[in-house]
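Taking it in order: structure first as C-alpha cells, then the write-up.
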Amino acid sequence: MRHRIAVVGSGPAGLTFARVLHRHGYPVAVLERDPAPDARPPGGTLDLQEGLGQLALDKAGLLAEFQALSRPEGQAMRILDADGTVLRDWRPRPDDRADPEIDRGQLRDLLLGPLDVQWGRRVTQVVPGTRDGVLVHFADGRLETFDLVVGADGAWSRIRPAVSSVTPHYTGVTLVETSLDDVDSRHPDLARLIGDGSVAVYGVNRALVAQRNSGGHVKVYAQFRAPLDWHTNLDLADVEAVRSSLLALFDGWAALVLDLLRHGTAFVHRPLYVLPVSHTWTHVFGVTLLGDAAHLMPPLGAGANLAMLEGAELAESIATTGPGDLDEAVRAFEEQMWARAGRWAKITMAGLERLVSPDPAEALALFDQVQPS
C-alpha cells in the first residue's frame, strides 16, 4: 500500500516535493490555503543556482523547460555610491548559467504542471500520533489523516508547532517594497540605471536595491535598520506618506536613485524575520518541515534554492524507500537538511550584517568576495 502523504503549501518547496513524487508515480495531496494560483501576487524574481535550485528542477525533469524560461542576463549586478557613482558593474558571460533569474510566477506555473492542488484548503493544526496517523485540521472544520505531513507553509508555518515551539524573530532590518511597470518605455533613465539585472546602492544602515523582472517590471526594495514599530506614526496604507518618509530616510542620495522611490506605484512593508541559525527539533513521527518553515533566513538568494532541493531530496528518498522505511527516510533527510541549512543560515545572517551596516564599504567588500572577477 502506498503511503498517504500531504504537503502543506504550494510555494517552491511544496511544489518541488510534489512534482518529484509525481515523476516517480507517487500520489501526494498538495494542500494550499489560497483559493487559486493567482490569488496573491507571486512576488519578485529568483536566481536558481546550479547546485541547488537547478539541481532540484533536474530531479523533477524540468531543467530544460527552466532554461528556456530563465533570464541568464538577469545575473548582471551594478553597485553605486549614494551620489550615483558606479563602483562595480558585473555582467555575465554569454554562456553563464550559474544562477539565472526566473519570475516566481513562471516558476510556480512550471512546477504546477500536472499537479492537482487542493486550493482553498487552509490547515489550522496537525496532530501527530493518533491511531490513524497524523490528524490534519482544516479551517472549515473537516479532518483528514495522513501517514506523513510535510510542512512547506513558510515563515509562519501552521505545521511547525507540531515539531518545534520556536518562532521567528525580527532581525532589526526592514524592507519596504515597491514596483515599477513598463520601465523601459515609461522610465528609460531608470531602465538604463538598472540594466539587465540589479542595481544596489548602499549607505549607512540603509540600502536601495532594484531588480529587473520579466516584461519590463522592476521590484525596488528600500532596506534599513529600524525598530519593529518604526512606522507607529505612519499610515502604511497612505502611499504618499510612505513615499515621503522613505525619501526623507534617503535624503541626499542621487536624484536618479531616489526616482526609484518617487515612481513606485505602491509600498509593502516587509520586516525581516529569521529562525535561529541552528534550528533543529526532536524528530516527530509523521511530520517534517521544508524551506522557510524549517530554517527561515535572510533573503539573500539561498532560501528558495535550499527549499527546492530539500523538497526534491525528500521526495526521492520516499519514492525509493520500502513500505516500512518511511520514518527512517524522513529522519535521514532531516539530519542532512539541518547540517546544510545551518551553514547557509550562518552565511546569510553574516551577509545581512554586512549589507545593511554602519559601514557601506562592507557591502562592497562582500560582493567582491562572491562575484566573479
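Projecting the Cα atoms of A350, L87, G141 onto the charge dipole of the chain (Cβ charges, centred on the Cα centre) puts G141 farthest toward the positive pole.
Rounded if a/c is under 1.5, else prolate if a/b is larger than b/c, else oblate: which is segment 1-140, with a ≥ b ≥ c the root eigenvalues of its Cα gyration tensor? Cα axes put segment 1-140 in the prolate bin.
The relative contact order of segment 1-85 comes to 24 percent, based on Cα pairs under 8 Å that sit 6 or more residues apart.
Taking the Cα centre of the chain as the origin and placing charges on Cβ (Lys, Arg +1; Asp, Glu -1), which of W230, G324, H187 is farthest toward the positive end of the dipole? Positive-end residue among those listed: G324. To the nearest ten degrees, helix 326-355 and the longest principal axis of the Cα atoms of the chain are 10 degrees apart. Within segment 108-140, the trypsin sites (Lys or Arg not before Pro) that combine a DSSP coil assignment with at most 12 other C-beta atoms in a 10 angstrom radius are R131. What is the angle, in °, between the Cα long axis of helix 12-23 and the longest principal axis of the Cα atoms in the chain? Nearest 10 is fine, range 0 to 90. So the helix axis and the longest Cα principal axis differ by about 40 degrees. With contacts taken as Cα pairs under 8 Å at a separation of at least 6 residues, segment 151-273 carries a relative contact order of 34 percent.
P(r) tail, the chain: Cα-Cα pairs separated by more than 25 Å, 56% of all pairs.
Accessible area, 1.4 Å probe, largest first: how do D229, D116 sort? Before the final figure, lay out each step's value.
On the way: D229 95, D116 125 Å².
So, going from the largest accessible area down, we get D116, D229.
Relative contact order for the chain: 22 percent, from Cα pairs under 8 Å spaced at least 6 residues apart, divided by residue count.
Here the peptides 169-175, 140-146, 363-369, 193-199 are ranked by packing, the mean other Cβ count within 10 Å, and the order with the highest first is 193-199, 169-175, 363-369, 140-146. With protein chains left intact and a 1.4 Å probe, residues in the chain average 44 Å² of accessible area per residue.
Answer rounded, prolate or oblate for segment 17-80, using the Cα gyration tensor with square roots of eigenvalues a ≥ b ≥ c: rounded when a/c is under 1.5, else prolate when a/b is larger than b/c, else oblate. Because a/c hits 1.5 or more and a/b fails to exceed b/c, segment 17-80 counts as oblate.
Among the protein heavy atoms of segment 40-109, carbon and sulfur supply 47% of the accessible surface, probe 1.4 Å, non-protein parts ignored.
On the protein heavy atoms, probe 1.4 angstrom, tell me the percent of accessible surface of segment 156-295 carried by carbon and sulfur. Answer for segment 156-295: carbon and sulfur cover 51 percent of the accessible area. Rounded to the nearest 10 degrees, the angle from helix 239-249 to the longest Cα principal axis of the chain is 70 degrees.
Net charge in the neighbourhood of D95 (other residues with Cβ under 14 Å of its Cβ; Lys, Arg +1, Asp, Glu -1) is -1. Seen from every direction in turn and averaged, the convex hull around the alpha carbons of segment 173-329 projects onto 12.5 nm².
Spatial offset of segment 150-212 relative to segment 231-285 amounts to 8 Å, using the alpha carbon center of each.
Under the rule a/c < 1.5 gives rounded, and otherwise a/b versus b/c splits prolate from oblate, where does segment 270-314 land using the Cα gyration tensor?
On the way: a/c = 2.55, a/b = 1.36, b/c = 1.87.
The shape class here is oblate.
Think of each Lys and Arg Cβ as +1 and each Asp and Glu Cβ as -1; about the Cα centre, that makes the dipole of the chain roughly 500 debye.
The values are calculated or read from the model by the stated rules, or taken from the named source; none is laboratory data. Not measured: the values here are computed from a predicted model. Cβ coordinates were reconstructed from backbone atoms using ideal geometry, including for glycine residues, and neighbour counts include every protein chain displayed. The protein model used for the area step is the full one, side chains on, heavy atoms only, and it has no ligands, DNA or RNA in it. Shrake-Rupley method; radii C 1.70, N 1.55, O 1.52, S 1.80 Å.
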